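The block underneath contains the structure these notes are about, expressed in structure tokens.
The values are calculated or read from the model by the stated rules, or taken from the named source; none is laboratory data. Predicted, not measured: the structure shown is a model, and the values here were computed from it. Neighbour counts are summed over all protein chains in view; Cβ atoms, including those assigned to glycine, are modelled from backbone coordinates with ideal geometry. Ligands, DNA and RNA are stripped out before the accessible areas are found, and what is left, the full protein with its side chains, is counted by its heavy atoms. Shrake-Rupley method; radii C 1.70, N 1.55, O 1.52, S 1.80 Å.
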Amino acid sequence: MSRTVRIAPSLLSVDFGKLAEDLAMLEEGGADWLHVDVMDGVFVPNITFGVKVIETCRKLTRLPLDCHLMVVEPEKYFDSFVKAGAATITIHVEASPHLHRQVMRIKELGAMAGATLNPATSLETVREVAADLDLLLIMSVNPGFGGQKFIPASVQKVTRARAILDDTRSRAVLEVDGGIARETIAACWRAGADTFVAGNAVFSAKDPKAEIRALRALCAEQA
Ligand code: DX5
Ligand code: ZN
């Protein structure tokens, strides 16, 4: 099976004092998506940004906006986020008792529908909707902050997620988020992931553009 590597730098690690410049740099550096971490201070112990920032990013970059909603009652925001330019909307199963309905609603609005789970949440929570998903995101840290350490057991979870997607003939993108760096990306790629969020690894690098290339190359080497 041929897979394309996607690198999705996280807006959480951008210097907001030079937002336009940083977004242009990511685009030039070959980033595929911009990962947008929306946090409400309730589902996770941190607050980030909402629709206004998504609108601003939409104006500043052509990169698809990959919106990860770490919020309770995510359905409140589907319409406004899609209008603001979200390409994907990924919701947490822990915050979505009616996951099937919510996934269908996101698709109806014209965005890609994603589901994600915290490290402690079983993949069985997504099996029944796997075929309907456009994206499955495996959290490899507990959500809330950038710059955390990759949880090693996540690699096995990616392997099991790949098997569920294959079993259900799902064509969903398989994305990994948290602690992705040179040391961790290849194992996730080998386990079957194709899309990688990278915050700290890209932005703490001396040359972020070279880092995006290096992360991609580590997957290509193992293809
Ligand atoms: C964590 C966020 C991540 C985060 C990743 O709650 O969902 O997207 O920005 O950052 P790094 O790559 O620094 O772990
Ligand atoms: Zn995220």
Within the range 102-114, track down each residue that is under 22 Å from Asp167 (Cα atoms) and open to solvent by less than 20 Å² (accessible area, probe 1.4 Å). Val103, Ala113, Gly114
When Ser10 is evaluated against the numbered criteria (1) closer than 21 Å to Ala214 by Cβ; (2) open to solvent by 40 Å² or more (accessible area, probe 1.4 Å); (3) among the hydroxyl-bearing types (Ser, Thr, Tyr), which criterion, by number, is the only one it fails? (2)
Taking the range 2-30 as the region of interest, how many residues are within 16 Å of ligand 2 (Cβ to nearest atom) and either farther than 17 Å from Lys59 by Cβ or assigned to a strand (DSSP E or B) (or both)? 7
When you check Thr116 against the structure, is it within 21 Å of Thr195 (Cβ to Cβ), among the polar types (S, T, N, Q), touching a residue at least 60 places away in the same chain (Cβ under 8 Å) and not in a loop (DSSP other than H, G, I, E, B), yes or no? yes
In the range 31-52, what residues are assigned to a loop (DSSP other than H, G, I, E, B) and within 14 Å of ligand 2 (Cβ to nearest atom)? Trp33, Phe43, Val44, Asn46, Thr48, Phe49
Of (1) free of Cβ contacts under 8 Å to residues at least 60 places away in the same chain; (2) open to solvent by less than 10 Å² (accessible area, probe 1.4 Å); (3) within 16 Å of ligand 2 (Cβ to nearest atom); (4) closer than 16 Å to Cys67 by Cβ, Tyr77 fails just (2)
Quick check on the range 57-69. Is at least one of its residues touching a residue at least 24 places away in the same chain (Cβ under 8 Å), in contact with a strand residue (DSSP E or B) (Cβ under 8 Å, 6 or more places away or on another chain) and charged (D, E, K, R)? yes
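Please state which one of Leu34, Leu19 is surrounded by fewer than 17 Cβ atoms within 10 Å (Cβ to Cβ) and touching a Cys at 6+ places or on another chain (Cβ under 9 Å).
Leu19
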Hey, could you check the range 1-50 for residues that are β-branched (Val, Ile, Thr) and under 17 Å from the mean Cα position of the chain (by Cα) and say which is farthest from ligand 1 (Cβ to nearest atom)? Thr4
Checking Leu99, Leu133, Leu63, Leu117 in turn, the sole residue that is within 14 Å of ligand 1 (Cβ to nearest atom) and surrounded by 18 or more Cβ atoms within 10 Å (Cβ to Cβ) turns out to be Leu117
Tell me which of these Cys57 doesn't satisfy, since it passes every other one: (1) within 14 Å of ligand 1 (Cβ to nearest atom); (2) on the phi < 0 side of the Ramachandran plot; (3) not basic (Lys, Arg). (1)
